[in-house]
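One structure is given here, and the rest of the page talks about it.
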Amino acid sequence: MAYVALYRQWRPQDFENLVGQDHISRTLKNAITVGKIAHAYLFSGPRGTGKTSTAKILAKALNCVHGPTPTPCNQCPNCEKITSGTSMDVFEIDAASNRGIDEIRDLRETVKFSPVDGRYKVYIIDEVHMLTTEAFNALLKTLEEPPGHVVFILATTEAHKIPATIHSRCQRYDFRRIGIKDIQDRLRDVVQGAGLDVAEDALKLIASHAEGGLRDALSVLDQCAALEGGTITAAKVRQLLGLIGHEWVWKMTDALATRDASAALLTLDELIVMGKEVRQILLELALHARSIMLYKAAPNLENIDLYSDEVPVLEQHSAQFSHGELVNLIQILHQAANEAKWSPEPRIAAEVALLSVCRRADSASLEALQERIEVLENRLSGTAVATVSHHAVVQPIVQPSIKPPVRRVEQANIAATLTQTAQAAPPPEQNQPVATVGTSNIKDVWDNMLKELISGGKRSVHACVSQGSLISLDEKQAVIQFTANFPKERTEKEDYRAILETILAGLCGHAVQVRCVLGTAAAPVKPAAEERPKPPNPHQEVVEEHPVLREAVKMFGNNIIKQE
């Protein structure tokens, strides 16, 4: 007799042996007991979680000689035929290879006939999401109102691809990933029943690698049993699956913790020479980093699967990394693993990732750098300078050897745009602020407004507004002068102006309207002794009489040389 794979030999034959899906087996048993059997079911969930097995158990429960019963006997002719796949009343259809409208039309013709042996004709359509749109449309009416002796069971791993019209006509059951402990317990039963010698740590490793799929775990166990005789150890499982092993991952983690780039690269090279896959190295390293992060956050955390449960190792490594470093490490490793999947040279992606981790900055230096950045931002926004009272005199900083030029035109522009306040105020002195409002001068209000823009995350607004200056402020209006047209027009728009008016209202204690003006800063006025009048042009009369020469002078200047 031909050999039968373990996952086929140990397929569950009743609801009691269905592993990890108690919520589904309980519901189906109750529905059969009370006679509320639906005409269509939709089983969705990851691969290897029992969808097809549950469909066959349900078919036996409906067609058992002693049924419908939630506990099929598995001994009557009907149960035996369904188990062996020879029943004339249970049809297993692979939608991946029978996905067209012609196959569905044939199915619609066969549902009319009564069952041969049992009470129900059960159609199990596996991977139903592979059907074409036309096939779904052809199935729709039959699925909605099938004959009373027909039950449809649709199974899929991608329920989001099922049309909503199909969803609405089925009872949906979501299968969960099976826990590592449940898989390990089931593997232990299989090992005892099959007479295999498997170490406990090997069973745990197989269960962890299965990722919630019992069928995958049984396939790996079957493969390990065929590898060689004797006890199946964790080392043999790692060799078969191409896993790296805890010792190598710990060794590389030590190198990353001490920033030893040479040791990390040499360890990577040894693993590649041993035939280990680069992406698997990165993924196992990321899993160990996750275990360190969880242990560092909650050392007493239970019921969460970790890459390694060696407490001394986790304690040692958690003391060598900060939380931010672990998060950054996991992100770098995941990004490198994604690049390695599609890269023609995945080793380069791994080496770049390891070097990036080894050359990371100290957390202390990062904190110091962050403090320095905050100080610089405060100085730029004016918060590092002490607030000056409106009674104090602001002394300008003047170089002793250079006399500042007299900015007469700029002062005239500022004076022309000042808004008169409700109450007349005495004229300011030379070194005092231009105007005052309440208990703070204009400079304080301007600096505090820029500070509020930075602290509030409005850096784009700050970059635009800081190109101007507040030249006037009263109880109703604030005038901001710009030397360029673009920042003036951008600040005048409703979104930026509303932000500024909100901040000014908070600073001044009342609503203030923002108005923008355009002004140019004039160049320093040269002393009269240095100004020399230009000599008169002897050809001025000729230029004024000829329109073409007039335009040429405008374009090229007034330097005219007459040819004799």
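Taking each residue as 0.36 nm, the span from E270 to Q477 lengthens on full extension beyond its C-alpha to C-alpha distance by 67.2 nm. A full extension of the chain between I101 and R176 corresponds to an added length of 23.8 nm, given 0.36 nm per residue minus the alpha carbon distance.
For R347, the shell of other residues with beta-carbons less than 12 Å away shows a net charge of -3, using +1 for Lys and Arg and -1 for Asp and Glu.
As a calculated quantity, the FRET efficiency between D495 and D305 at R0 = 60 Å, using C-beta atoms, amounts to about 0.75. Shown for segment 6-174 is the translational diffusion coefficient from the Stokes-Einstein equation, using the Kirkwood radius over Cα pairs, a temperature of 37 °C and a viscosity of 0.692 mPa s: 205 µm²/s. Summing charges over neighbours of E145, with a neighbour being any other residue whose Cβ is under 13 Å away from its Cβ, gives +3 when K and R count +1 and D and E count -1.
For chymotrypsin sites (Phe, Trp or Tyr not before Pro), the sites in segment 2-109 that DSSP calls loop and that have at most 16 other Cβ atoms within 10 Å are Y3. Summarised in one figure, the compactness ratio Rg/Rh of segment 72-115, Cα atoms and Kirkwood Rh, is 1.08.
Centre-to-centre, using Cα atoms only, segment 237-257 and segment 36-97 are separated by 43 Å. Shown for segment 180-241 is the translational diffusion coefficient from the Stokes-Einstein equation, using the Kirkwood radius over Cα pairs, a temperature of 20 °C and a viscosity of 1.002 mPa s: 193 µm²/s. In a fully extended conformation the segment linking A505 and R26 would gain 166.0 nm over its present Cα-Cα distance, using 0.36 nm per residue. Pairs over the 26 Å Cα-Cα cut-off, from the set K60/K181; K204/K296; K181/K236; K56/K141: K60/K181. Note down the net charge around I24, summing +1 for each Lys or Arg and -1 for each Asp or Glu among other residues with Cβ under 11 Å from its Cβ. Net local charge, I24 excluded: +3.
Filter the trypsin sites (Lys or Arg not before Pro) in segment 127-176 down to the DSSP loop ones having no more than 15 other Cβ atoms within 10 Å, then list what survives. Hits after loop and neighbour filter: R176.
Values in this text are rule-based calculations from the coordinates and carry no lab data. Please read these numbers as outputs of a predicted model, since none were measured by experiment. As a convention, Cβ positions derive from the backbone with ideal geometry for all residues, glycine included, and neighbour counts pool all protein chains shown.
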